[in-house]
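These notes concern the structure reproduced below.
The values are calculated or read from the model by the stated rules, or taken from the named source; none is laboratory data. The structure displayed is predicted, hence computed values, not measured ones. As a convention, Cβ positions derive from the backbone with ideal geometry for all residues, glycine included, and neighbour counts pool all protein chains shown.
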Amino acid sequence: MAELIPVVNIPPQTHSSLAVFEQCPRQYDAKYRTKSVKFVQSYEGEWGDLAHNSLEAQIKAGGKYQFPDQTHKDSGQNMREYQWIGEALLNRAASKGGYVLAERKFAIGYDRDTTDYWDKGGWLRGKIDVTILYPDLRMAEVYDLKTGKKKDDSLQVDLYSVSAMLDYTNVDVVKAGYIWGKLPQDKAIDKPITYTRDSIQPILNTFMAKTNDVKHAWATGVFPPRPSALCPWCDVTSCEFWKPKPEKRR
């Protein structure tokens, strides 16, 4: 007999919160339910925020914005090395009669339709770094900037692409991918994944399954730890599996 999904109200989930739950339910509990750990922004997080804020400012200024002259303390990369990203996206949009949206907010309700971003009874929500709409082509492009190491995970752009098709009824095709700021320009932009309206329900089904796992944990109050090599980077230092970060090799 299939296990019944408990009826319990939980806050709207994001790709990030669901990813944390999948990585470690105990960490999710401390961050999103009890909020027993105080969020402390890492240096890498600050660097990423600065890059995203600068990209947003550049796009909203139509390209007339200069990224700050700031150098990463470890990699030696200068923030101005990201300058080309906004310029390339703006030029790409202009060449095809499109227009660019920066940090577009979206929200999806349990009825699988769009809802207000701040609706506490909503299901999923998020912010998309760059959305390019091409009304004449009935197409959109979605890009998410990453300033860390390249990883193979399409789930975030899966969700973001679905949101574009739900938000804009005149969009039938979405091409989406990540932009990896650490890589050279000729390798930084992923080959895009193409999504059509046939993609919407299968992707939402995937996220519903993930949400049901979270609901079950909220209903039962059981958030077991999931030890991994990432434990030293976890903020839940009271966990028996936590240990200090290894010292960097010089």
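Miscellaneous remarks
- Qualifying residue in the range 115-129 (condition: more than 17 Å from T14 (Cβ to Cβ) and either in contact with a strand residue (DSSP E or B) (Cβ under 6 Å, 6 or more places away or on another chain) or touching a residue at least 60 places away in the same chain (Cβ under 8 Å) (or both)): no
- Annotation: D111 fulfils all but one of (1) at pLDDT 95 or above; (2) surrounded by 14 or more Cβ atoms within 10 Å (Cβ to Cβ); the unmet one is (2).
- Boolean, E44 is over 30 Å from V222 (Cβ atoms), at pLDDT below 95 and either in contact with a helix residue (DSSP H, G or I) (Cβ under 8 Å, 6 or more places away or on another chain) or surrounded by 12 or more Cβ atoms within 10 Å (Cβ to Cβ) (or both): yes
- For beta carbons closer than 6 Å, sequence separation of 6+ or different chains, a first residue in the range 175-196 that is touching a residue at least 40 places away in the same chain (Cβ under 8 Å) and over 20 Å from D49 (Cβ atoms) and a second that is crowded, with 17+ Cβ neighbours inside 10 Å and charged (D, E, K, R), the qualifying pairs are P192/K175.
- Failed criterion for V162 (all others in (1) surrounded by fewer than 20 Cβ atoms within 10 Å (Cβ to Cβ); (2) under 29 Å from V7 (Cα atoms) hold): (1)
- Total residues in the range 204-230, condition in contact with a helix residue (DSSP H, G or I) (Cβ under 9 Å, 6 or more places away or on another chain) and crowded, with 16+ Cβ neighbours inside 10 Å: 10
The rows are residues; the columns are (1) of a type outside the set (K, R); (2) surrounded by fewer than 17 Cβ atoms within 10 Å (Cβ to Cβ); (3) farther than 30 Å from E87 by Cα; (4) modelled with pLDDT under 95.
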| position | (1), (2), (3), (4) |
| --- | --- |
| A176 | yes, no, no, no |
| W233 | yes, yes, yes, yes |
| V236 | yes, no, yes, yes |
| K243 | no, yes, yes, yes |
| P246 | yes, yes, yes, yes |
| R250 | no, yes, yes, yes |
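- On the stretch given as the range 195-225, residues that are of a type in the set (A, V, I, L, M) and under 20 Å from the mean Cα position of the chain (by Cα) total 6.
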